[in-house]
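To start, the structure under review is shown below, and the notes come after it.
The values are calculated or read from the model by the stated rules, or taken from the named source; none is laboratory data. Computed from a prediction, not measured in an experiment: that's the story for all the values here. We place every Cβ from the backbone using ideal geometry, glycine too, and count neighbours over all the protein chains shown.
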Amino acid sequence: MSVPPPADTAVGAREVLAQPGFIRILAYRICAILSYQVVAVSVGWHIYQITQNPLSLGLIGLAEVLPFVCTAPFAGYLVDHLPRRRLGMTASTGLLLTPLVLLAVDRQWLPVDGVWPMYAAVCLTGAVRCFLTPVYNALFARVLERRQFARGTSIANVFFQVGLVTGPALGGGLVAWGGTTLAYSVAVVLAAVAIAVLYPLKVAEPIATGPRAPVFKSIAEGTRFVFSNQIMLGAMALDMFSVLLGGAVSMLPAFIHDILHHGPEGLGILRACPSLGAVVAGLWIARHPIDRHAGHILMIAVAAFGLCTIAFGLSRSFWLSAAILVVYGLCDGVSMVLRSTILQLATPDEMRGRVSSINSIFISSSNELGAFYDGVMARFLGLVPAVLLGGCVTLCVVGLTALKAPKLRRVSIKDL
């Protein structure tokens, strides 16, 4: 007897895109991403031009991750208990302040010198950015039906990656054309647009049915839920350690300057290449959703991510490096779609904020701590050996995860 296909595969892209609330939260997310990415490219270039030290690039990641990790658990609690739309607008306002501070530093409007005020501005980004993804994930579950989640996740990932492609290229182009002053100014405008598109959103907020749990008890409840779920924990840990140890993007300003010998335009191109690959992956998965063997495919994608890291470290050609980073991003895009779908389907609605915040700690801390790790390793081992070592360790992480998380290895989307 034949088995009917899962309901999600019958949901078309037009049906999902016809939801006006979905379009608004996509616009909010893209504008916030563009603002953040323009700042990330610009401040990295700005600081490296001042210091000429790869460790200074690692310190950017550290400056962002420390306030992020300290704030993220409370962000999840607030998202589960306060109006999500207002929290998203508040977080975007904080995101707007970062380029304003950087602009003031760049134009010497502040009575301070050096790079430390720039690190302080990055700290502000870390403190507010932890709200962006939990708010988006919580609103996502309110504007779409559950049967639309898989298709909606694939479509959202395409738009997300378009933002990641456009942001670095836009940031590099703005720096090359008008300097960091222009780049920071555009980032301010993008954050303001994120606030504006979220303001008219009509969404039903969840209604509290009992007394509000104490903050730390509520956070602990979300943490226990994640750590008791082998599939969810395995997917988060796999992504965290692969990006922490195998990411090469944070060192791109040093690679561009010292090895590939290009300017800010080249930095913008290389920063955009991983997201270009992820867009291709997202488009493919949106048309051909992955259902069977999702865990197996996830592990293959992360292993290929590690191999691409090694290949990038060995490349001395700008365009070969760009091509490698496209494949690198394609692998990361497959991983992102699968992990996001697992997260959405496996999380109860009343815990979406807390679970999403824990996931953000895993993912975002891996990016920023990975940047710090890469900077330290590059300082003591050199740029190329640090990247090669990270790629090799990523392969080891995949093997260990496959051994320790068999439920993740065998999972299919239809089982969730």
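Which of the residues belonging to region 288-342 are within 25 Å of ARG147 (Cβ to Cβ) and not in a helix (DSSP H, G or I)?
HIS288, PRO289, ILE290, ASP291, ARG292, HIS293 - these are the residues of region 288-342 that are within 25 Å of ARG147 (Cβ to Cβ) and not in a helix (DSSP H, G or I).
Only one of these conditions is not met by LEU95: (1) under 27 Å from ALA220 (Cβ atoms); (2) under 16 Å from the mean Cα position of the chain (by Cα). Which number is it?
Against the list (1) under 27 Å from ALA220 (Cβ atoms); (2) under 16 Å from the mean Cα position of the chain (by Cα), LEU95 comes up short only on (1).
Could you check, for region 228-237, whether at least one of its residues is surrounded by fewer than 16 Cβ atoms within 10 Å (Cβ to Cβ), within 28 Å of PRO406 (Cα to Cα), at pLDDT below 75 and out of contact with any Lys or Arg (no Cβ under 7 Å at 6 or more places or on another chain)?
Yes, region 228-237 contains at least one residue that is surrounded by fewer than 16 Cβ atoms within 10 Å (Cβ to Cβ), within 28 Å of PRO406 (Cα to Cα), at pLDDT below 75 and out of contact with any Lys or Arg (no Cβ under 7 Å at 6 or more places or on another chain).
Determine if region 128-135 includes at least one residue that is closer than 23 Å to ALA278 by Cβ and basic (Lys, Arg).
Within region 128-135, one or more residues are closer than 23 Å to ALA278 by Cβ and basic (Lys, Arg).
Would you mention how many residues in region 238-257 are over 22 Å from VAL65 (Cβ atoms) and modelled with pLDDT under 80?
Qualifying residue count for the region: 1.
When you scan region 286-299, how many residues do you find that are within 13 Å of THR153 (Cβ to Cβ) and crowded, with 24+ Cβ neighbours inside 10 Å?
1
Just a yes or no: is a residue in region 49-72 farther than 30 Å from ARG379 by Cβ and surrounded by 16 or more Cβ atoms within 10 Å (Cβ to Cβ)?
no
Which condition does LEU82 not pass, out of (1) over 18 Å from the mean Cα position of the chain (by Cα); (2) buried (at least 19 other Cβ atoms within 10 Å of the Cβ), if it passes all the others?
Exception for LEU82: condition (2).
Can you tell me which of VAL65, VAL79 is among the β-branched types (Val, Ile, Thr) and farther than 27 Å from GLY375 by Cβ?
VAL79
Filter region 87-119 down to residues that are without any contact (Cβ under 8 Å) to a residue 40 or more places away in the chain and part of a helix (DSSP H, G or I) and give me whichever is surrounded by the fewest Cβ atoms within 10 Å (Cβ to Cβ).
Checked region 87-119; the qualifying residue surrounded by the fewest Cβ atoms within 10 Å (Cβ to Cβ) is TRP116.
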